[in-house]
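**Student:** I have a structure I would like to understand better, so I am pasting it below and will then ask my questions one at a time.
The values are calculated or read from the model by the stated rules, or taken from the named source; none is laboratory data. Small disclaimer: the values here were computed from a predicted structure and weren't measured. Heads up, the Cβs are rebuilt from the backbone with ideal geometry, glycines too, and the neighbour counts pull from every protein chain shown. When the accessible area is computed, the model is the full protein with side chains, heavy atoms only, and any ligands, DNA or RNA have been set aside. Shrake-Rupley method; radii C 1.70, N 1.55, O 1.52, S 1.80 Å.
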Amino acid sequence: YTYCLLAAGHVDVIVEAGLKPWDVQALIPIIENAGGIVTTWDGKPAMEGGQVVACGDASLHAAVCEVLAAATC
């Protein structure tokens, strides 16, 4: 539900950890077709799940990934 809210523009960012591939794979095309971006916290493809960040805007995504990288060191 939250990812659909992101795709619709009602929320700006979603950060999750511990996702399985089936938790996120179907959501990636929905977010990307709405103009958003979904990756792992380190900017890699999120198809395998794990630590996932989804944003409706690429510049916000970069800023969130930067904060997450600093916080996980």
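**Student:** State all residues of segment 16-48 that are farther than 20 Å from L5 by Cβ, open to solvent by less than 60 Å² (accessible area, probe 1.4 Å) and either part of a loop (DSSP other than H, G, I, E, B) or touching a Pro at 6+ places or on another chain (Cβ under 9 Å) (or both); if no residue qualifies, say none.
**Tutor:** W41, G43, listed by residue number.
**Student:** Taking the options V67, V53, V11, name whichever one is open to solvent by 30 Å² or more (accessible area, probe 1.4 Å) and at pLDDT 95 or above.
**Tutor:** None of the others qualify; the one that does is V11.
**Student:** Might you let me know whether segment 54-68 holds any residue that is touching a helix residue (DSSP H, G or I) at 6+ places or on another chain (Cβ under 6 Å), assigned to a helix (DSSP H, G or I) and without any contact (Cβ under 8 Å) to a residue 60 or more places away in the chain?
**Tutor:** no
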